[in-house]
1. Can residue 67 be described as surrounded by fewer than 18 Cβ atoms within 10 Å (Cβ to Cβ) and over 14 Å from the mean Cα position of the chain (by Cα)?
2. I want to confirm something. Restricting to the range 77-132 and keeping residues that are touching a helix residue (DSSP H, G or I) at 6+ places or on another chain (Cβ under 6 Å) and surrounded by fewer than 15 Cβ atoms within 10 Å (Cβ to Cβ), which single residue is farthest from residue 53 (Cα to Cα)?
3. Name the helices (runs of 4 or more DSSP H) wholly inside the range 12-110 in which the number of residues that are more than 20 Å from residue 161 (Cβ to Cβ) is 3 or more.
4. Can you name every residue in the range 157-178 that is under 19 Å from the mean Cα position of the chain (by Cα) and closer than 26 Å to residue 23 by Cα?
5. From the list 96, 60, which residue is farther than 28 Å from residue 158 by Cβ, over 13 Å from the mean Cα position of the chain (by Cα) and touching a residue at least 24 places away in the same chain (Cβ under 8 Å)?
6. Among the candidates 187, 182, 154, which residue alone is modelled with pLDDT of 90 or more, farther than 22 Å from residue 23 by Cβ and either assigned to a helix (DSSP H, G or I) or over 19 Å from the mean Cα position of the chain (by Cα) (or both)?
7. Out of contact with any strand residue (DSSP E or B) (no Cβ under 6 Å at 6 or more places or on another chain) and under 14 Å from residue 50 (Cβ atoms): is that true of residue 192 in this structure?
8. Could you say whether any residue in the range 34-43 is within 12 Å of the chain's Cα centre (by Cα), under 26 Å from residue 123 (Cβ atoms) and surrounded by 19 or more Cβ atoms within 10 Å (Cβ to Cβ)?
């Protein structure tokens, strides 16, 4: 069980345990859907909903689940909330659902969601588990939105669909898979430099 202050359970997910910039997990949706800021934000919110809801349930039932079936149980819980998120987006935000494509259903196999259940939620009380999930989810939202904003800005001169740089000559590479790799590489390098200089 974690002994760190409660507020640290949230803050650690923003930086030291950021799933994208520090742990390099969840790369599939990170590279695939961040062609725009709104796509990154939407995917981040959907994933955070699944992560937080699953952590809540796993923490509540953690003493009832036999260790032999814990992974299967966690996966079923994750799949339930992924289905809720997917159906909600299809019903309320069909354009975003179409833009995100199969990557919302694929949240069920996102390694950092199952990892947080195994490493944290299954070993800690409900309050800490929710804070942990919200922190890691917020870090994920930040990473995807930042990545999507940079790619959208350089790819079209816009952010969230609003023109930021008039008469911008689009960098087509930024809306292609290569642009995702390049942008993520520069961001991870920048985060590493910041980490070294703030120690």
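1. On the way: surrounded by fewer than 18 Cβ atoms within 10 Å (Cβ to Cβ): yes; over 14 Å from the mean Cα position of the chain (by Cα): yes.
The answer is yes for residue 67.
2. That would be 90.
3. Details: elements: 27-33, 37-61, 70-92, 94-100.
Here the list reads 27-33, 37-61, 70-92.
4. Start the filter on the range 157-178 by keeping residues that are under 19 Å from the mean Cα position of the chain (by Cα), which leaves 160, 177.
Matches in the range 157-178: 177 only.
5. Numbers: 96 fails: farther than 28 Å from residue 158 by Cβ.
Step by step, each of 96, 60 is checked, and only 60 is farther than 28 Å from residue 158 by Cβ, over 13 Å from the mean Cα position of the chain (by Cα) and touching a residue at least 24 places away in the same chain (Cβ under 8 Å).
6. On the way: 187 fails: farther than 22 Å from residue 23 by Cβ; 182 fails: farther than 22 Å from residue 23 by Cβ.
Answer to the selection: 154.
7. Here the answer is no, as residue 192 does not meet what is asked.
8. No, that holds for no residue.
The values are calculated or read from the model by the stated rules, or taken from the named source; none is laboratory data. In this text the structure is predicted, and so the values were computed from the model without any measurement. Quick reminder, even Gly has a Cβ in these numbers, built from the backbone with ideal geometry, and neighbours come from all protein chains shown.
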